[in-house]
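Asker: Submitted below is the structure of interest, expressed as structure tokens.
The values are calculated or read from the model by the stated rules, or taken from the named source; none is laboratory data. Quantities reported herein were computed from a predicted structural model and do not represent experimental measurements. Positions of Cβ are generated from backbone atoms using ideal geometry, with glycine treated the same way; all protein chains shown enter the neighbour counts.
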Amino acid sequence: MMARALAGVVPSQPKEFAAFVVDEETRAAVLQAAAEAGLVEPHVAQSKFEDALRRLRKIPTPKILVVDLGGCPDLIADITRLSEVCDEGTHVIALGDVNDINLYRQFVSFGLHDYFVKPIVPANLAAAMTNAGKETEAATPTDQVGHVVSIIGARGGVGASALAVNVAWTLANEHKRRVALVDLDLFFGTCGLALDLDLGRGFREALENPSRIDGLFIERAMMKCSDKLFVLCAEEALECAINFDATAVELLIDHLRRDFQFVIVDMPRFAARTQSSILTPPSSVAIVTDPSLAGMRDTMRLVGLLKKVAPKAEPSVVLNKSGANSSAELTKADFEKGAEAKVSLVIPYDPKTFGASASTGKALAKVAAGARVTKAVASLAGRLVAIKAPAAKGKGAGLLQRFLGGARA
């Protein structure tokens with residue numbers, strides 16, 4: 001396409017790939033990346049950004065477009081100008097000299113597929129090109145980003161992690177959806193343990209080096225549990241200090257949403273204060289609690305917090321371990337009154353089934369398919385799948401709540 005455009009002939013159909021770079025070193029890296037990504041007849045022109053804009057105005061923009069922003073005085077303004085000349089369906093990968101995570105976030109919010117800081121690592125750029133190609137082939141108008149489900153325990157030991165693991169497993173293995181399970185507790189998280197996985201250091205490296213977060217990096221960091229279920233978790237040494245920008249998690253989730261139909265996040269309650277940005281639609285939030293007085297209090301506090309930091313989150317409440325201590329626990333009605341929130345699902349206390357699951361590293365459905373707790377998880381997963389279809393708008397009910405309808409397992 002680019003050769004024809006330079007000759008003054010406007011092609012009738014866009015090419016698969018084209019790039020505009022400002023220096024020979026970057027041109028060589030882009031050509032190598034294109035070859036590794038299997039792109040046929042890559043057009044890589046060496047030109048400044050202004051020249052690239054003029055050329056792009058005259059031609060149908062390619063499906064995958066790489067543009068070098070090196071030397072641009074106003075990156076945000078120039079990206080805006082670039083977006084104005086790109087046709088719908090073009091995936092733009094930007095290259096530049098500025099290594100700034102906030103700038104990266106702005107680029108992603110503008111719709112860029114990815115941004116790489118020079119000098120370019122061909123393998124990383126090739127992975128981004130490959131992912132962009134997959135999105136071009138597979139994306140549909142109603143299913144372009146994955147649905148994030150954040151599961152938050154109101155207190156420790158209420159079963160939030162077990163619920164996250166089993167919902168993820170059910171979505172992947174029963175509903176055949178592509179699922180990413182993310183455990184945000186890098187020190188005491190139990191998702192990997194529950195699935196009997198060997199833990200690595202990839203998750204920590206991703207959070208500490210957000211500029212390296214891309215499709216290839218994430219693929220290497222994730223652990224494969226089954227054909228459809230992939231897990232990001234860690235078990236870091238307690239004496240280790242982990243330093244990462246809070247926006248690193250948001251960038252990670254943004255990448256996962258592009259490649260997975262569901263992203264299940266086991267979110268520690270302290271993270272609800274710092275990671276509220278990942279609760280943006282399309283997403284659901286489930287607060288898991290037991291029917292205790294402390295559970296009621298902390299549920300009320302979490303619901304109040306989410307209303308302030310993520311007003312669109314519309315959290316739903318899952319009452320777990322119902323019947324564990326009948327003489328001391330609150331009734332559903334009393335709990336709802338005290339917490340000032342409706343209970344969407346009640347899960348019965350079943351230590352035998354949960355114990356068998358925990359001791360074997362297998363999902364509930366593998367150890368007791370007919371148990372009431374297993375059916376409750378299956379019900380929740382089924383309703384999450386239903387959320388992916390268009391639903392009638394309503395006020396005062398979270399996405400989970402609309403489908404659960406105050407169900408009791």
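Asker: Limited to segment 348-359, what total is found for residues that are among the hydroxyl-bearing types (Ser, Thr, Tyr), over 28 Å from the mean Cα position of the chain (by Cα) and in a helix (DSSP H, G or I)?
Answerer: 2
Asker: Would you check if there is a residue in segment 27-44 being part of a strand (DSSP E or B) and over 15 Å from Ala126 (Cβ atoms)?
Answerer: Yes; the residues of segment 27-44 include at least one that is part of a strand (DSSP E or B) and over 15 Å from Ala126 (Cβ atoms).
Asker: Let me ask another. Assess whether Val317 counts as being in contact with a helix residue (DSSP H, G or I) (Cβ under 7 Å, 6 or more places away or on another chain), surrounded by fewer than 19 Cβ atoms within 10 Å (Cβ to Cβ) and outside the structural domain of Asn131 (by TED's automatic domain parsing).
Answerer: So Val317 fails the test.
Asker: Can you report the number of residues in segment 308-347 which are assigned to a helix (DSSP H, G or I) and either modelled with pLDDT of 90 or more or small (Gly, Ala, Ser) (or both)?
Answerer: 8
Asker: Right, something else. I'd like the full set of residues that are of a type in the set (Asp, Glu), farther than 27 Å from Ala365 by Cβ and surrounded by 12 or more Cβ atoms within 10 Å (Cβ to Cβ), limited to segment 330-352.
Answerer: Scanning segment 330-352 gives Asp334, Glu336.
Asker: Restricting attention to segment 225-254, which residues are aromatic (Phe, Trp, Tyr) and out of contact with any Lys or Arg (no Cβ under 6 Å at 6 or more places or on another chain)?
Answerer: Phe244
Asker: Checking the structure you have, find out if any residue of segment 213-232 is part of a helix (DSSP H, G or I), surrounded by 15 or more Cβ atoms within 10 Å (Cβ to Cβ) and of a type in the set (Val, Ile, Thr).
Answerer: Yes - at least one qualifying residue is present in segment 213-232.
Asker: Gly156 versus (1) assigned to a loop (DSSP other than H, G, I, E, B); (2) touching a residue at least 40 places away in the same chain (Cβ under 8 Å); (3) within 30 Å of Gly323 (Cα to Cα); (4) of a type outside the set (Phe, Trp, Tyr): which is the lone unmet condition?
Answerer: (2)
Asker: Output the residues belonging to segment 292-315 that are at negative phi and not hydrophobic (A, V, I, L, M, F, W, C).
Answerer: Within segment 292-315, Ser292, Gly295, Arg297, Asp298, Thr299, Arg301, Gly304, Lys307, Lys308, Pro311, Lys312, Pro315 qualify.
Asker: I'd like the residue in segment 255-283 that is of a type outside the set (A, V, I, L, M) and part of a helix (DSSP H, G or I) and, out of all such residues, is surrounded by the fewest Cβ atoms within 10 Å (Cβ to Cβ).
Answerer: Thr274
Asker: Report, ordered by the first and then the second residue, all pairs with beta carbons closer than 6 Å, sequence separation of six or more or different chains, a first member in segment 163-183 that is in a helix (DSSP H, G or I), and a second member that is of a type in the set (D, E, K, R).
Answerer: Pairs that qualify, where the first residue is in a helix (DSSP H, G or I) and the partner is of a type in the set (D, E, K, R), are Ala164/Asp266; Leu171/Arg177; Ala172/Lys228.
Asker: Only residues that are surrounded by 21 or more Cβ atoms within 10 Å (Cβ to Cβ) and in a loop (DSSP other than H, G, I, E, B): list them for segment 101-119, please.
Answerer: Listed by number, the list holds a single entry, His113.
Asker: Then there is this: Answer yes or no as to whether Ala286 is among the aliphatic types (A, V, I, L, M), closer than 26 Å to Val385 by Cβ, modelled with pLDDT under 85 and buried (at least 18 other Cβ atoms within 10 Å of the Cβ).
Answerer: Taking the combined requirement at face value, the residue does not satisfy it.
Asker: Taking the stated definitions as given, is Leu305 out of contact with any strand residue (DSSP E or B) (no Cβ under 8 Å at 6 or more places or on another chain) and either touching a residue at least 24 places away in the same chain (Cβ under 8 Å) or not in a helix (DSSP H, G or I) (or both)?
Answerer: Against the criterion (out of contact with any strand residue (DSSP E or B) (no Cβ under 8 Å at 6 or more places or on another chain) and either touching a residue at least 24 places away in the same chain (Cβ under 8 Å) or not in a helix (DSSP H, G or I) (or both)), Leu305 qualifies.
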